[in-house]
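Engineer: One structure, as structure tokens, below. Some questions next.
A short reminder: the numbers here are calculations on the coordinates, not readings from a lab. What you see is a predicted model; the values in this text were computed from it and never measured. Here the Cβ positions follow ideal geometry from the backbone for every residue, glycine too, while neighbour counts run over all protein chains shown.
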Amino acid sequence: MPGTYAPNANPRAKYQLIAEKYRKLIDHGLLKPHDRLPTIDEIADEEGVTRSTAHKAMLRLTAEGYTCSESSGTYVLMGGTDRMYAAVTDLFNSLDALDEHLHPMRGDIVQGAHGTIERNTDTGRWEWKGVV
């Protein structure tokens, strides 16, 4: 969409707006794990910005854990639901590390609408298993 960013239309930087666009596409499942994102040149052309601005937007998504860059392109790592459960799993593991007595879950499996978090019997750590 060339010309999307009119001067002073939004106080946020263009790269932030582009990163937000792709973040929403990932969080809403329109871009799924392992999907390849457009190239920097394609994003720059589509958004009407410089290659530098497009590159900065992709770097931000990578820094936030949404994507990873490889020699063959930039790929989606996790979608919204997976990111949420990964965060909950990290929280459970952090609570375990702080104090076993503070842990809110005493069982070995937590079933949610979008998947399961299970305690690994070998390591004792919580792991996101996805939909089972």
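Engineer: Restricting attention to the stretch 57-74, which residues are surrounded by 16 or more Cβ atoms within 10 Å (Cβ to Cβ) and in a strand (DSSP E or B)?
Structural biologist: Within the stretch 57-74, Thr67, Thr74 qualify.
Engineer: So, in the stretch 22-56, how many residues would count as being in contact (Cβ under 8 Å) with a residue 24 or more places away in the chain, among the charged types (D, E, K, R) and assigned to a helix (DSSP H, G or I)?
Structural biologist: Taking the stretch 22-56 as the starting set, the residues that turn out to be in contact (Cβ under 8 Å) with a residue 24 or more places away in the chain are 22-23, 26-29, 31-37, 39, 43, 45-49, 53-54, 56.
With the extra rule that they be among the charged types (D, E, K, R), the set shrinks to 23, 27, 32, 35-36, 45-47, 56.
Going one step further and asking which of them are assigned to a helix (DSSP H, G or I), we end up with 23, 27, 45-47, 56.
Total satisfying the criteria: 6.
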